[in-house]
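**Q** First the structure, which I've put down as structure tokens, then a few questions once you've had a look.
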Amino acid sequence: MKRFLMRRISQNILTFFLFLTMIYVLVDAQPGDFGNLYLNDPRLTPSQRAVLRARLGLDRPVLERYVTWVANAVQGDFGVSFSNYPRTVLNVIAERAPRTIVLFLTATILSYYVGFMAGKVLAWRRGGILEYSTTVGGVTLYTVFLPWFGLMMIWFFAFTLKLFPIGKFVDPVLWRRAPVDANFVFHRLLITAAIASILFLVWTAISARLNQSQRGPARLIGLGVILLAVVGYWLSTGVGRYALDIVHHLVLPILTLTLVNFAGTMLLTRNTMLETLREDYIMSARAKGISDRDIRDKHAARNAMLPVVTAFVLAVAFVLDGGVITETIFSWPGMGLTLLQAAQVEDIPMVIGALVFTGLMALTAHLVADVLYAFLDPRIRYS
Amino acid sequence: MTEITKPTPSVPATPQVDTPFPEGQAPLIGMPLWMVRLRLLWRSIKTNVAIFAENPIGLIGLAIILFFALMALAHPYFMQNVWNRNIYDPVIGFDASIPFHPSPPSSAHWLGTDPLGRDVLSQLMFGTRAAFALGTVAALVTVIIATTIGAISAYYSGIVDTLFMRLADLIIMTPTVTILIVMSALFDIGFLHLALIIGILGGFGGATIIIKSQALTVKVRSYIEAARVAGGGNGHIILRHIIPNLMPLSFLYMMFTVTGAIGLEAVLSFFGLLNIRMSWGLMIYTTSYSGYLLDMSKWWLIFPASLAITMLCAAFYLVGRALDEVVNPRLRKR
């Protein structure tokens with residue numbers, strides 16, 4: 001296991017360097033360069049332009065520029081963003097990435113939960129009208145043209161019913177006299193959410209030791225206590241109103257993403273369930289006279305979960321990728337919107353920084369998925 | 001074909017009970033080889049179609065695809081015979097008889113006109129052709145690359161395999177939508193370029209890995225061994241024995257590639273990043289920059305194109321799902 005891990009990590013480092021090179025080549029191959037930005041200013045003489053180009057290092061050969069860039073990138077220095085001028089790229093990423101991660105992590109977890117539950121039932125009731133209608137409906141949502149679907153959700157829930165705000169991260173009118181800034185509240189929100197979910201997971205693990213009849217109520221009570229504690233904490237801080245505003249802005253994008261994505265998990269679960277249901281241990285469970293529900297949930301679904309877990313980890317890797325469309329529609333100021341805007345104004349350092357960050361996340365998730373697979377499936381041994 | 005018409009009298013007319021073939025079928029003895037192959041192909045197609053037709057989901061998808069194909073085919077006919085080119089051209093047409101555009105659906109324009117006075121139905125039908133062309137090119141490129149590389153790297157393994165698999169890892173790792181947005185913002189990307197880029201990314205990426213794993217299971221079958229014993233070269237074995245057995249899976253991947261390609265084109269067009277004449281995504285982009293995006297009283301501007309994208313993507317996906325049950329025997333009902 002250790003050797004496998006070492007080999008995978010060294011391979012990943014190599015792949016990451018290839019990825020850096022690929023991005024560099026891609027961006028460097030574009031027509032023109034940063035120096036062209038100065039072409040718009042007619043007051044600059046050609047010699048001044050040459051000096052500016054030399055200062056940016058654009059007169060050096062490609063290889064030298066590449067080596068300099070990689071050396072800086074490895075140290076985490078991606079330069080200064082043009083469109084957010086005095087701020088560095090890393091600074092912008094540190095601000096925007098958590099917003100994207102919160103939005104998409106919540107949506108991904110929700111859609112995987114819903115999809116897994118639906119897929120379980122779907123495989124069990126194969127061939128019925130329920131299966132066909134759910135599949136067609138789910139696939140339609142899954143392949144829906146996301147910008148349009150997002151707009152329809154905004155139009156229906158935000159514009160017509162006025163249940164949710166139309167977009168953005170916060171409500172400017174409410175925040176005008178706020179004592180703290182949005183990032184402060186948002187970071188506190190993140191920390192409380194993380195602590196609450198860890199507590200709940202620990203409580204779930206503890207309550208698994210209880211017997212069957214006590215387990216359900218114990219979990220519900222635990223969840224209630226944790227939620228009460230969170231609400232109590234936010235009421236006591238005095239900025240609960242502002243935290244609620246951010247959460248309120250989160251609901252509609254999460255709902256949209258969940259609706260769009262759950263079908264993928266549902267169909268995956270259905271397929272792996274169908275394969276699992278053919279195994280001999282399902283037959284012997286039936287022969288023992290175990291109830292259908294228990295066979296489905298405890299014997300089949302748990303074994304069908306493996307590919308779903310892997311798919312989940314890989315999905316987490318691509319939260320930034322899917323972010324571009326959703327964040328544009330909901331004007332959610334996260335990484336995706338930042339990347340799109342940067343690409344549109346040719347803010348090259350920002351584009352490269354965002355891409356590198358995305359690639360790094362994908363790479364890490366691939367590694368985690370591989371290791372997790374080995375842990376979850378004892379049939380797979382890496383030696 | 002009966003025994004009497006055959007020009008091979010040396011073969012005795014064997015009694016039907018002894019042949020391993022089902023009743024009603026002539027024995028294959030004495031038949032030219034190509035005819036035997038044709039028959040085998042026909043029989044496998046028949047069984048596969050039967051499995052496919054068992055699943056109403058695939059049939060729904062097929063019906064939608066056929067509907068759109070008819071729309072695509074009807075457009076040139078309408079332009080030639082029914083519609084006035086100056087009014088109904090999807091790109092440069094303009095209806096001067098209507099004072100204000102966008103105009104609601106009428107008898108002349110069944111789906112109304114867009115903010116530039118062009119007929120929406122004509123645009124929609126023209127966009128169908130574009131979507132099919134894009135999907136087909138992207139899918140063909142993906143499948144040709146993925147099948148070739150999958151077969152080669154499974155057959156030779158070693159350094160070739162490592163090289164292509166690491167490349168696939170690299171491509172899987174790159175966020176497709178993001179990379180395409182960056183590329184189309186920096187370069188001037190047209191229709192064919194986009195199809196080729198999607199095809200190449202798909203072909204060297206995920207599809208290769210899946211097809212290679214299938215090729216690995218084909219490689220160890222006994223008929224490969226038999227072909228090698230009979231003196232078949234590497235090229236012969238790959239071309240004649242491995243690749244034909246990968247075809248069903250490749251065909252499945254074509255369907256998923258089409259879905260992805262149409263969706264990607266629509267998204268990139270929607271952001272206004274592509275340099276193309278007319279497509280469904282561009283119709284929505286036109287609506288967006290004219291400021292009618294959330295104006296539900298002008299529904300004919302955004303609904304037809306969006307629904308068309310959604311339905312065609314879903315149709316190809318559903319057909320792919322149904323084909324999955326044909327290709328993967330573990331998912332079948334029987």
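**Q** When the residues of segment A:312-350 are filtered to those that are at pLDDT 85 or above and over 26 Å from B:LEU293 (Cβ atoms), which remaining residue is surrounded by the most Cβ atoms within 10 Å (Cβ to Cβ)?
**A** For segment A:312-350, the residue satisfying everything is A:MET350.
**Q** Within segment A:145-156, take every residue that is at the interface with another protein chain (Cβ under 7 Å from one of its Cβ atoms) and over 19 Å from the mean Cα position of the chain (by Cα) and give me the one that is nearest to B:ALA266 (Cα to Cα).
**A** A:PHE145
**Q** So, A:TYR132, is that one away from every other protein chain (no Cβ under 14 Å) and among the aromatic types (Phe, Trp, Tyr) or not?
**A** No, not satisfied.
**Q** Which ones in segment B:129-170 are within 14 Å of another protein chain (Cβ to nearest Cβ) and within 21 Å of the chain's Cα centre (by Cα)?
**A** Residues satisfying the conditions are B:ALA131, B:GLY135.
**Q** Given the criteria over 30 Å from A:GLU131 (Cβ atoms) and in contact with a Pro (Cβ under 9 Å, 6 or more places away or on another chain), does B:ARG118 qualify?
**A** So B:ARG118 passes the test.
**Q** Using beta carbons and a limit of 7 Å, which pairs, at least six apart or on different chains, have the first residue in segment B:225-254 and free of Cβ contacts under 8 Å to residues at least 40 places away in the same chain and the second one assigned to a helix (DSSP H, G or I) and hydroxyl-bearing (Ser, Thr, Tyr)?
**A** Close Cβ pairs (under 7 Å, with a partner that is assigned to a helix (DSSP H, G or I) and hydroxyl-bearing (Ser, Thr, Tyr)) amount to B:HIS241/B:TYR223.
**Q** If B:TYR88 satisfies every condition in (1) among the hydroxyl-bearing types (Ser, Thr, Tyr); (2) at pLDDT 90 or above; (3) surrounded by 20 or more Cβ atoms within 10 Å (Cβ to Cβ) but one, which is the exception?
**A** In the conditions (1) among the hydroxyl-bearing types (Ser, Thr, Tyr); (2) at pLDDT 90 or above; (3) surrounded by 20 or more Cβ atoms within 10 Å (Cβ to Cβ), B:TYR88 misses (2) alone.
**Q** Would you please name the residue that is nearest to B:PHE270 (Cα to Cα), looking only at residues in segment A:135-144 that are among the aliphatic types (A, V, I, L, M) and within 7 Å of chain B (Cβ to nearest Cβ)?
**A** Across segment A:135-144, the extreme among qualifying residues is A:VAL144.
**Q** Mind checking which residues of segment B:188-209 are surrounded by fewer than 17 Cβ atoms within 10 Å (Cβ to Cβ), touching a helix residue (DSSP H, G or I) at 6+ places or on another chain (Cβ under 8 Å) and not in a helix (DSSP H, G or I)?
**A** none
**Q** Only one residue in A:LEU340, A:LEU355 is at the interface with another protein chain (Cβ under 10 Å from one of its Cβ atoms), without any contact (Cβ under 8 Å) to a residue 60 or more places away in the chain and assigned to a helix (DSSP H, G or I). Which one?
**A** A:LEU340
Quick grid of which residues meet (1) more than 8 Å from chain A (Cβ to nearest Cβ); (2) β-branched (Val, Ile, Thr); (3) assigned to a loop (DSSP other than H, G, I, E, B):
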residue	(1), (2), (3)
B:TYR253	yes, no, no
B:LEU268	yes, no, no
B:MET278	yes, no, yes
B:THR286	yes, yes, no
B:LYS298	yes, no, no
B:PHE303	yes, no, no
B:ALA308	yes, no, no
B:LEU318	no, no, no
B:ASP324	no, no, no
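**Q** To continue, here is another question. For residues that are aliphatic (A, V, I, L, M), in contact (Cβ under 8 Å) with a residue 40 or more places away in the chain and closer than 16 Å to B:ASN55 by Cα, tally how many sit in segment A:98-138.
**A** Qualifying residue count, segment A:98-138: 2.
**Q** Oh, and also: Specify the residue that is nearest to the other protein chains (Cβ to nearest Cβ); the eligible residues are those in segment A:164-192 that are free of Cβ contacts under 8 Å to residues at least 40 places away in the same chain and farther than 18 Å from A:GLU95 by Cα.
**A** Top of the filtered list is A:ILE166.
The values are calculated or read from the model by the stated rules, or taken from the named source; none is laboratory data. It should be emphasised that the depicted structure is a prediction, and the values quoted were computed from it without experimental measurement. All Cβ positions, glycine included, derive from the backbone under ideal geometry; neighbour counts span all protein chains shown.
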